[in-house]
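Read the structure below first, then the notes.
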Amino acid sequence: MAKNYYEILGVDKKASLAEIKKAYRKLARKHHPDLNPGDRVAEAKFKDIQEAYSVLSDSKKRAQYDQFGFVGEVPPGGPQWQNYSNFEGFDFSGFGASSFQDIFENLFSARARPSARRAARGEDLHYRMRLSFMDAIHGVKTRIRLTRMITCSICSGRGYIPRGSSQTCPSCGGTGHKEMQKGFMKFSSTCPSCGGTGISPGKECGTCHGSGLVQKTELISVRIPAGVNTGSTVRIPGKGNAGVMGGPTGDLFISIEVDSHHLFKRERANIYVKIPITVTEASLGAKIEVPTLYGRSIIKIPPGTKSGQKFRLRDKGAPLPGKRVYGDQFVEVYIVPPKTDNVKVRELLKELESLSGQNPREKLEIS
């Protein structure tokens with residue numbers, strides 16, 4: 001059923017253009033979505049008011065509406081395709097498949113578009129950080145130089161400088177719609193300048209050029225927790241790009257790469273180290289000092305220790321980030337023979353071999 005545009009605006013059928021404009025302004029301000037947030041009834045009335053004004057303020061549209069009760073080539077209720085079965089005389093050369101797709105996308109997407117910019121969360125940022133082995137083990141507080149988007153202070157993130165009072169959008173004349181025509185088909189879409197509100201938001205901000213965001217490079221402090229390793233990601237809340245129209249700020253994600261160590265090797269939370277011992281220490285046993293991530297510790301070497309034997313130091317490994325749990329350290333010993341550039345040493349070694357009568361290869365047989 002066709003809408004009664006005169007009734008919507010509350011004017012007589014013989015109303016002048018000035019009377020129509022006056023009625024439109026009064027009703028548009030009363031039912032504008034910005035003044036009635038969340039009120040769907042007001043939003044629906046506002047759309048009807050916009051539609052009625054777009055017709056009655058245009059002399060050609062008004063004449064067609066007065067004569068036929070609708071505006072456009074298709075009456076309300078949709079097209080009657082059976083009446084358009086004969087297309088002889090129409091030139092379709094300008095309408096490929098993509099052209100028709102563009103037309104219907106514009107026709108049916110207009111209602112789905114938001115009437116104004118909405119709040120949106122800012123983008124997350126990603127940063128790579130290289131740490132020394134010991135900084136990764138113990139954690140570190142440092143500063144990094146970061147370039148990110150922040151809220152424009154000139155327009156407070158709106159993207160425009162508001163005027164003292166609302167003004168009709170110059171692009172669509174306050175209708176909220178822009179008319180387009182392709183060949184014999186005419187249709188309208190939401191005005192991109194005002195987002196369909198019909199009211200100009202104001203002058204575009206010259207600092208952020210309408211985006212509401214500006215770029216800023218700054219030094220920020222970050223704390224890397226103890227126990228991170230290559231492949232770890234540290235999240236710094238609220239240090240990403242600022243949100244749009246008051247939306248929340250994104251986060252900063254720091255990807256960690258850790259340098260190797262000349263002494264320690266790490267596998268997950270466990271630490272491995274190789275320590276040399278003398279023949280005497282291996283043969284007779286001893287207590288030796290070994291390095292750990294947290295200073296030096298004493299381990300006991302039992303008599304008869306062989307090269308490659310491992311000893312475990314509990315809770316001397318790397319910490320698990322955010323937890324009070326530590327890995328272990330494994331000490332692998334290897335026997336270092338004495339230097340033989342001294343004659344006396346060589347004589348003692350031969351005497352030792354003779355006295356021990358040891359042949360470590362006596363059980364090697366080839367069957």
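Condition first: basic (Lys, Arg) and not in a strand (DSSP E or B). Can you find one or more residues in the range 282-297 that meet it?
no
Among the residues of the range 329-349, is there at least one that is surrounded by 16 or more Cβ atoms within 10 Å (Cβ to Cβ), under 37 Å from the mean Cα position of the chain (by Cα), of a type in the set (Phe, Trp, Tyr) and in a strand (DSSP E or B)?
The answer is no; no qualifying residue exists.
What tally of residues in the range 238-256 results from selecting those that are charged (D, E, K, R) and surrounded by fewer than 14 Cβ atoms within 10 Å (Cβ to Cβ)?
Going through the range 238-256 one residue at a time, the tally reaches 0.
Given (1) modelled with pLDDT of 95 or more; (2) of a type in the set (Lys, Arg); (3) under 26 Å from residue 139 (Cα atoms), identify the lone condition not met by residue 323.
(1)
Being touching a strand residue (DSSP E or B) at 6+ places or on another chain (Cβ under 9 Å), not acidic (Asp, Glu) and not in a strand (DSSP E or B) narrows it down to one residue among 250, 304; which is it?
Within the list 250, 304, the selection yields 250.
Let's see how each residue does on (1) in contact with a strand residue (DSSP E or B) (Cβ under 7 Å, 6 or more places away or on another chain); (2) more than 29 Å from residue 273 (Cα to Cα); (3) part of a strand (DSSP E or B):
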position	(1), (2), (3)
206	no, yes, no
218	yes, yes, yes
230	yes, no, no
255	yes, no, yes
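Check 80, 64, 50 and return the single one that is more than 19 Å from residue 176 (Cβ to Cβ), modelled with pLDDT under 90 and either surrounded by 15 or more Cβ atoms within 10 Å (Cβ to Cβ) or touching a Phe, Trp or Tyr at 6+ places or on another chain (Cβ under 9 Å) (or both).
Matching residue, one of 80, 64, 50: 64.
Being touching a strand residue (DSSP E or B) at 6+ places or on another chain (Cβ under 9 Å), at pLDDT 95 or above and under 30 Å from residue 219 (Cβ atoms): is that true of residue 298 here?
Spelling it out, it is not the case that residue 298 is touching a strand residue (DSSP E or B) at 6+ places or on another chain (Cβ under 9 Å), at pLDDT 95 or above and under 30 Å from residue 219 (Cβ atoms).
The values are calculated or read from the model by the stated rules, or taken from the named source; none is laboratory data. Just so it is clear, the structure is predicted and the values come from calculations on it, not from any experiment. Cβ atoms come from the backbone with ideal geometry, glycine included; neighbour counts cover every protein chain shown.
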